[in-house]
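The values are calculated or read from the model by the stated rules, or taken from the named source; none is laboratory data. Just so we're clear, the structure is a prediction, and the values are computed from it rather than from any experiment. Reconstructed Cβ throughout: ideal geometry from the backbone, glycine too, with neighbour counts over all protein chains shown. Heads up: the accessible areas ignore ligands, DNA and RNA and are worked out on the full protein's heavy atoms, side chains in. Shrake-Rupley method; radii C 1.70, N 1.55, O 1.52, S 1.80 Å.
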Amino acid sequence: MREDIIAYMIVSLPGGWQGINTLHLYLSNFLSEYFCLNEIIILGIESSCDDTAAAVFLKGKILSNVVAGQEVHKAYGGVVPEWASRAHQKNIVPVVHQALKSANIDKSELTAIAFTKGPGLLGSLLVGVSFAKAMALGLNIPLLEVNHLQAHILAHFIKGNGRQGTGDGKEKEFPGFPFLCLTVSGGHTQIVLVKDHLEMEVIGRTIDDAAGEAFDKAAKIIGLPYPGGPLIDKVAAGGNALAFEFPHPKIASYDYSFSGIKTAFLYFIRDNIKKEPDFINMNKSDICASIQKTIVDVLLNKLIAAACDTGIKDIAIAGGVAANSHLRSELESLKKTQGWHIYIPARKYCTDNAAMIAIAGYYKYLKGAFADQSVSAEARYPF
Ligand code: KG4
Ligand code: ZN
């Protein structure tokens with residue numbers, strides 16, 4: 001910049017040449033804040049259900065993302081809460097150790113620890129909460145409590161996460177506020193109006209089963225192991241989605257219901273097996289494709305209604321079911337037909353992970369929203 005321009009700017013400052021001190025102070029504050037914020041290193045810990053996870057976050061990027069699943073539940077056709085908390089106890093130390101090691105970060109370098117406070121299984125949550133509290137106390141660093149469902153949505157702000165696209169072919173890195181997020185997991189199904197990183201309103205929710213539960217229960221009915229969602233997705237790949245029809249629920253507003261679909265599916269399989277004992281094996285891919293299409297159609301019809309009514313075009317999906325191939329491809333088509341800007345997370349950030357907890361903790365850190373040592377887990381934790 002030319003010296004005369006700098007001189008003009010300084011003279012134009014309130015206080016003339018004396019204003020240089022103000023400018024210096026302003027610049028040094030800005031720079032120290034900027035570099036300080038960029039050096040924030042957050043350890044995220046997730047233990048709300050059956051995945052023990054830890055991740056390290058620095059400068060908007062995830063340095064490591066370690067997830068230990070729990071095979072023990074497969075034999076039971078669903079998560080056994082007591083087994084889950086025992087497995088978390090066994091896994092948490094090695095998982096955190098591995099996350100720090102892969103990130104090449106020493107625990108003494110951590111700025112803060114973020115953990116899932118809820119919602120989730122109480123016994124599982126307690127393991128992560130207690131571990132985070134003890135570690136933060138030992139290191140004398142702040143604690144950040146995170147809502148698991150908000151974290152699923154905030155995963156969209158991880159740099160380099162997933163696919164974004166717009167109907168007009170332009171790419172945006174992150175969704176713009178306000179946006180709508182369809183959060184679909186094993187325990188929750190919600191349409192969320194996201195006004196800011198930490199300001200969210202649930203405008204639609206399931207009144208009974210979650211979408212992931214519907215996938216898992218349908219899978220169980222046809223003899224697939226838990227969690228059945230990914231398996232239905234896989235088997236459906238070669239099937240005809242129009243082979244069988246299942247009823248859609250008639251629920252007002254943006255709310256969902258999946259228990260009727262599950263019952264209809266159960267009776268459909270029972271009745272067909274009576275006629276042909278090998279019905280499932282003979283039609284497995286068509287059955288999977290048809291039930292998958294039903295669940296996805298139900299999810300998207302309400303999302304389309306919410307988008308039309310609110311006029312919002314930035315549309316995101318989150319949660320384990322967001323990994324579903326059919327949901328993802330249908331959303332790609334809606335991008336064109338509805339002119340939506342769509343945000344589809346990478347699969348590793350759809351299912352439970354601690355990277356999303358770490359980034360949610362980062363936004364809490366920026367607001368100075370720290371938790372103290374009296375914090376505890378909450379199985380039901382609305383936002
Ligand atoms: O978010 P998540 O990992 O855990 C919860 O917070 O619940 O979601 C798990 C759910 C399970 O019901 C699982 O079957 C489902 O997400 N899921 C899928 C797929 N991948 C995971 N459902 C359908 N298709 C998939 N590809
Ligand atoms: Zn989840």
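Restricting to DSSP H runs of at least four residues, report the calculated mean residue ellipticity at 222 nm for the chain, -39500 (n - 2.57) per run over all residues, nearest 500 deg cm²/dmol. Don't skip to the end; give the middle numbers.
On the way: 11 runs with 172 residues, N = 383.
That comes out to -15000 deg cm²/dmol.
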Is the C-alpha gyration tensor of the range 49-138 telling us rounded, prolate or oblate? Criteria: a/c under 1.5 is rounded; beyond that, a/b larger than b/c is prolate, otherwise oblate.
prolate
Simple spin-label estimate for Asn301 and Asp372 in nanometres, 7 Å along Cα-Cβ
5.1
Out of all DSSP beta bridges in the chain, what portion is antiparallel? Express it as a percent rounded to 5.
65
In percent, how large is the relative contact order of the range 132-271, given Cα pairs closer than 8 Å and 6 or more residues apart?
16
May I ask you to derive the relative contact order of the range 211-324, considering only C-alpha pairs under 8 Å and at least 6 residues apart, and to give it as an integer percent?
36
How far apart, in nanometres, would the label points at Lys159 and Arg86 be if each is projected 7 angstrom from Cα along the Cα-to-Cβ direction?
4.3
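Order of 347-354, 293-300, 239-246 by packing, highest average Cβ count within 10 Å first? Write down the numbers at each step before the final one.
Details: 347-354: 23.1, 293-300: 21.6, 239-246: 15.5.
Averaged packing, sorted descending, gives the order 347-354, 293-300, 239-246.
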Check which residues have an amide H placed less than 5 Å from Glu378's amide H, if you skip close sequence neighbours.
Gly118
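Listed here are the pairs Lys172/Lys250; Lys217/Lys250; Lys274/Lys302; Lys313/Lys348; Lys220/Lys313; which of them are more than 31 Å apart at the Cα?
Numbers: Lys172/Lys250 35 Å; Lys217/Lys250 21 Å; Lys274/Lys302 35 Å; Lys313/Lys348 25 Å; Lys220/Lys313 36 Å.
Flagged as over cut-off: Lys172/Lys250; Lys274/Lys302; Lys220/Lys313.
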With θ set to phi - 60° and the Karplus curve 6.51 cos²θ - 1.76 cosθ + 1.60, what are the ³J(HN,Hα) couplings of the range 366-383 in order, to the nearest whole Hz, using x for Gly and Pro?
4, 8, x, 8, 8, 9, 10, 5, 8, 5, 9, 6, 9, 4, 10, 9, x, 10
Anisotropy class of the range 204-257 from Cα gyration tensor, a/c 1.5 cut
oblate
For Gly204, other-chain or 5+-apart residues with amide H closer than 5 Å (H placed, Pro excluded) are Ile191
Pair Gln338, Asp278: separation of 7 Å Cα→Cβ label points (nm):
4.3
Whole-number accessible area per residue in Å² for the range 182-255, which is evaluated in the context of all protein chains at 1.4 Å:
46
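Got the relative contact order for the chain handy, in percent, Cα pairs under 8 Å and 6 or more residues apart?
The value is 23 percent.
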Keeping all protein chains in position, work out how much accessible area Arg86 exposes to a 1.4 Å probe, and write it in Å² to the nearest 10.
130
To the nearest 20 debye, what is the magnitude of the charge dipole of the chain about its Cα centre, counting +1 on the Cβ of each Lys and Arg and -1 on the Cβ of each Asp and Glu?
500
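Treating only the Cβ of Lys, Arg, Asp and Glu as charged (+1, +1, -1, -1), what charge dipole size does the range 48-176 show about its Cα centre? Round to the nearest 20 debye. Working shown, then result.
Values: 13 positive and 10 negative charges, 34 e Å.
That gives the range 48-176 a dipole magnitude of about 160 debye.
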Sequence order, the range 182-197: Karplus ³J(HN,Hα) from phi using 6.51 cos²θ - 1.76 cosθ + 1.60, θ = phi - 60°, Hz rounded, Gly and Pro as x, gives 8, 9, 10, 9, x, x, 9, 9, 9, 9, 10, 8, 9, 8, 7, 3
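Quick one: in the range 260-347, what % of C-alpha pairs are over 14 Å apart? Write out the running numbers ahead of the final one.
On the way: 2683 of 3828 pairs.
In whole percent, the share of Cα-Cα pairs in the range 260-347 beyond 14 Å is 70.
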Would you kindly derive the ³J(HN,Hα) couplings of the range 353-359 from the backbone phi angles with the Karplus curve 6.51 cos²θ - 1.76 cosθ + 1.60 (θ = phi - 60°), listing them in order in whole Hz, with x for Gly and Pro?
7, 9, 4, 5, 6, 5, 6
Check Ala112: other-chain or 5+ apart residues with amide H under 5 Å from its amide H, H built from backbone geometry?
Ile41, Leu43
Cross-link candidates for Lys101: which lysines have Cα within less than 17 Å, leaving aside residues fewer than 8 places away along the same chain?
Lys61
